[in-house]
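What follows is a structure written as structure tokens; I'll ask about it next.
The values are calculated or read from the model by the stated rules, or taken from the named source; none is laboratory data. This structure is a prediction, so every number in the text was calculated from the model and none was measured. Positions of Cβ are generated from backbone atoms using ideal geometry, with glycine treated the same way; all protein chains shown enter the neighbour counts. Quick note on the areas: whole protein, heavy atoms, side chains included, nothing else; ligands and nucleic acids left out. Shrake-Rupley method; radii C 1.70, N 1.55, O 1.52, S 1.80 Å.
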Amino acid sequence: MSEFDDLYQEVIMDHYRRPKGRADLSHIPDERAMENPTCGDTIKLEILHDEAGRISEVRHNGHGCAISTASASLMSEYTRGLTPEEARAAAERFIGALRGEGKLDELDSMGDLAALRGVAGLPVRVKCATLAWHALLRELGEKAS
Amino acid sequence: MGTIAMIANALVVPELPDVESNVASVRARFPILAREINGHPLAYLDNAATSQKPLEVIEAVDGFYRSRNANIHRSLHTLGEEATADWEGARAKVARFIGARRNEEVIFTRGTTESINLVASSWGEAFLKEGDVILLTMMEHHSNIVPWQLVAARRGASLVYIQLEADGSIDLEKVEASWNPRTRIVCATHMSNVLGTINDIRRLSEIAHAHGALLLADAAQSAPHMRLDVGALGCDFLAFSGHKLYAPMGIGVLWGREALLEAMPPYMGGGDMIRSVGLETSTYNDLPWKFEAGTPDVGGAVGLSAAIDFIGGLGWDYIGRREASLGRRALSVLGEVRGLSLHGTARDRGAVFSFSFADIHPHDIAQFLDREGLAVRAGHHCAQPLMRLLKVPATTRASLAFWNTEEEVERLGAALEAAKRFYL
């Protein structure tokens, strides 16, 4: 498989075309958006919780490429039902794996997120794939404090 | 923005028969152009980011390190003399290349960014006063914005931006009409790295001088594509990079009027820029060495010298005709791609084409084009104020040089159509 086909797998393209968790977040001020300085892409997040304090949905909105949009969509899917601590650990595992700090194989235990492993070989695109997850860490961190 | 067809017509240039037959022999001078990317011949359409290097440049740098390498201005032995001669010879060549009156007006830097930082720090620190105005255009690269922001904050000066017309040009009459008497310097790109717009530096200089202000021209994008003559441009400072001019990365030029450079304090302290160093104070070397602290990139200057010779061998006439013809073809090919909108349709423009396309993100377009062997740039092009003005986070940019071919331009059009089918 070529680098390109490895990157733009069918599951990625599905999430890009029909992103899960995408919502109108115009009530959140633009200054709260997370920015990717290499391309100017932005993302806003809103985390909804159920009565037990678990995440019921991570909603997102912003400008991004197929990789960053699909990653936000996959994140929304993956984090549903997690506790904030579990979601934070997942974000750190995912970011670490793509950055080459953790084991790339760890992605295999993260369901459809494994489809993003092609990004690891492309340093410029790692920022696209991790933007939503950095935003998630920031939101979770601020919620906790 | 105006229609693409309109400017395509404005760029009509008669094609010389011998120009076409030269393309293959010119391309043969650039070994990297023979590369294959993802099973396709490389089509390098990212010349505004950096140019490729001809064999003449590669061999000159290689030759310097093989047989002449030594430190300059200090080593009293044969190699030291030869390296010093190379360095100063490169300076003389650059001076002739841009029509400088004296070699001493040519300062070597690491590139355009350092050249502008040098002026902003040294001239700005010494001559800007509280309330003074630095006039920029809305199409500047970050390297001609941020150094001015830094010095403006230190000196209590403010930045004012010349707004753009719908076609991406600036209206000089408006510049004149809205002139702020506190303006001390105008900092303008000669050619926009996003819009391709070529600014009339001569007229801008005249306006600045009529009001007692200076003009700094950022020639990073124009230097590789047109003859520069500081006398004809009328500017006070001119900055450009070697690496966009077919020379290595790491060498650049600042040209300034001698009287201005003389009056400016040193930018960096270190070896080579001093006459004598005491414990408390030092006296500084003459121009141009006052601004050249530390061991410089002599190999880079040797490469730059070779690149200037290479340009001389081709001739500006050849480069100009070839790039106008390619630019015309690019405008007609891009004009045929449905859903593509070009940013920058000024009549006076170079072969740089930034566009938005069918709501596909520039990253995705660039990645798809790379699969087809086409190298383009995607991003904000270090021009975020301009991106905000265009109301896009990023664009895709194809930028041409004389070695590109009509076939490569057509491959771009076809690959964009294929990208649309893939993503939408």
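Please enumerate the residues belonging to segment B:62-85 that are closer than 27 Å to B:Phe30 by Cα and open to solvent by less than 30 Å² (accessible area, probe 1.4 Å).
B:Gly63, B:Phe64, B:Ala83
If you don't mind, there's one more thing I want to ask. Only one of these is in the same structural domain as B:Leu254 (by TED's automatic domain parsing), within 25 Å of B:Pro288 (Cβ to Cβ) and of a type in the set (A, V, I, L, M, F, W, C): B:Leu136, B:Leu159, B:Leu118. Name it.
Just one listed residue meets the conditions, B:Leu118.
Any residue at all in segment B:338-351 that's within 13 Å of chain A (Cβ to nearest Cβ), open to solvent by less than 20 Å² (accessible area, probe 1.4 Å) and touching a residue at least 40 places away in the same chain (Cβ under 8 Å)?
So far as segment B:338-351 goes, no, none of its residues is within 13 Å of chain A (Cβ to nearest Cβ), open to solvent by less than 20 Å² (accessible area, probe 1.4 Å) and touching a residue at least 40 places away in the same chain (Cβ under 8 Å).
Among (1) away from chain B (no Cβ under 11 Å); (2) touching a helix residue (DSSP H, G or I) at 6+ places or on another chain (Cβ under 7 Å), there is one condition A:Leu7 misses while meeting the rest; what is its number?
(1)
Check B:Gly231, B:Gly212, B:Gly250, B:Gly294 and return the single one that is at pLDDT 95 or above, in the same structural domain as B:Arg68 (by TED's automatic domain parsing), touching a Gly at 6+ places or on another chain (Cβ under 6 Å) and surrounded by fewer than 16 Cβ atoms within 10 Å (Cβ to Cβ).
B:Gly231
Name the single residue, out of those in segment A:34-70 being among the hydrophobic types (A, V, I, L, M, F, W, C) and either open to solvent by 20 Å² or more (accessible area, probe 1.4 Å) or more than 18 Å from B:His363 (Cβ to Cβ) (or both), that is nearest to the other protein chains (Cβ to nearest Cβ).
A:Met34
Having 1 or more residues that are more than 24 Å from B:Ile170 (Cα to Cα) is the bar; report the helices (runs of 4 or more DSSP H) wholly within segment B:339-424 that clear it.
B:362-371, B:406-423
I've got another one for you. Restricting segment B:117-162 to residues that are open to solvent by 40 Å² or more (accessible area, probe 1.4 Å) and hydrophobic (A, V, I, L, M, F, W, C), which is farthest from B:Pro266 (Cα to Cα)?
My answer is B:Val160.
With the checklist (1) open to solvent by 10 Å² or more (accessible area, probe 1.4 Å); (2) among the β-branched types (Val, Ile, Thr); (3) in contact with a helix residue (DSSP H, G or I) (Cβ under 8 Å, 6 or more places away or on another chain) in hand, flag the one item B:Ile198 doesn't pass.
Single failed check for B:Ile198: (3).
Let me confirm something: among B:Val253, B:Val302, which residue is of a type in the set (Val, Ile, Thr) and in contact with a strand residue (DSSP E or B) (Cβ under 6 Å, 6 or more places away or on another chain)?
B:Val253
When you check A:Asp112 against the structure, is it open to solvent by 30 Å² or more (accessible area, probe 1.4 Å), out of contact with any Cys (no Cβ under 6 Å at 6 or more places or on another chain), acidic (Asp, Glu) and under 30 Å from B:Thr396 (Cβ atoms), yes or no?
Against the criterion (open to solvent by 30 Å² or more (accessible area, probe 1.4 Å), out of contact with any Cys (no Cβ under 6 Å at 6 or more places or on another chain), acidic (Asp, Glu) and under 30 Å from B:Thr396 (Cβ atoms)), A:Asp112 qualifies.
Could you pull out the residue among A:Ala70, A:Ala90 that is at pLDDT 95 or above and under 21 Å from B:Leu369 (Cα atoms)?
One residue alone meets the criteria, A:Ala70.
Working carefully through the options B:Gly373, B:Gly335, find the one that is at pLDDT 95 or above, of a type outside the set (Lys, Arg) and open to solvent by 20 Å² or more (accessible area, probe 1.4 Å).
B:Gly335
Go through (1) away from chain A (no Cβ under 11 Å); (2) over 22 Å from B:Leu326 (Cα atoms); (3) in contact with a Pro (Cβ under 8 Å, 6 or more places away or on another chain) for B:Ala401 and report which single condition fails.
Every listed condition holds for B:Ala401 apart from (2).
Name the residue, out of B:His380, B:His363, that is within 12 Å of chain A (Cβ to nearest Cβ), in contact with a Lys or Arg (Cβ under 8 Å, 6 or more places away or on another chain) and modelled with pLDDT under 95.
After ruling out the rest, the residue left standing is B:His363.
So which residues in segment A:85-101 are open to solvent by less than 30 Å² (accessible area, probe 1.4 Å) and not hydrophobic (A, V, I, L, M, F, W, C)?
Residue satisfying the conditions is A:Gly96 alone.
Does A:His134 meet the test of being open to solvent by 10 Å² or more (accessible area, probe 1.4 Å) and within 14 Å of another protein chain (Cβ to nearest Cβ)?
It is false that A:His134 is open to solvent by 10 Å² or more (accessible area, probe 1.4 Å) and within 14 Å of another protein chain (Cβ to nearest Cβ).
Considering (1) within 11 Å of another protein chain (Cβ to nearest Cβ); (2) charged (D, E, K, R); (3) open to solvent by 30 Å² or more (accessible area, probe 1.4 Å), say which one B:Glu417 fails and leave the rest.
(1)
From the set of residues in segment A:11-33 that are open to solvent by 80 Å² or more (accessible area, probe 1.4 Å) and within 12 Å of chain B (Cβ to nearest Cβ), which is nearest to A:Arg125 (Cα to Cα)?
Looking at the filtered set, the residue picked out is A:Arg17.
So which residues in segment B:271-291 are in contact with a helix residue (DSSP H, G or I) (Cβ under 8 Å, 6 or more places away or on another chain) and either open to solvent by 40 Å² or more (accessible area, probe 1.4 Å) or hydrophobic (A, V, I, L, M, F, W, C) (or both), if there are any at all?
If the condition is that a residue be in contact with a helix residue (DSSP H, G or I) (Cβ under 8 Å, 6 or more places away or on another chain) and either open to solvent by 40 Å² or more (accessible area, probe 1.4 Å) or hydrophobic (A, V, I, L, M, F, W, C) (or both), then B:Met273, B:Tyr284, B:Asp286, B:Leu287, B:Phe291 are the ones that fit.
Also, I was wondering about something else. Give just the number: which of (1) closer than 17 Å to A:Glu86 by Cβ; (2) in contact with a strand residue (DSSP E or B) (Cβ under 9 Å, 6 or more places away or on another chain) does A:Cys128 not satisfy?
Evaluating A:Cys128 over (1) closer than 17 Å to A:Glu86 by Cβ; (2) in contact with a strand residue (DSSP E or B) (Cβ under 9 Å, 6 or more places away or on another chain) leaves (1) as the failure.
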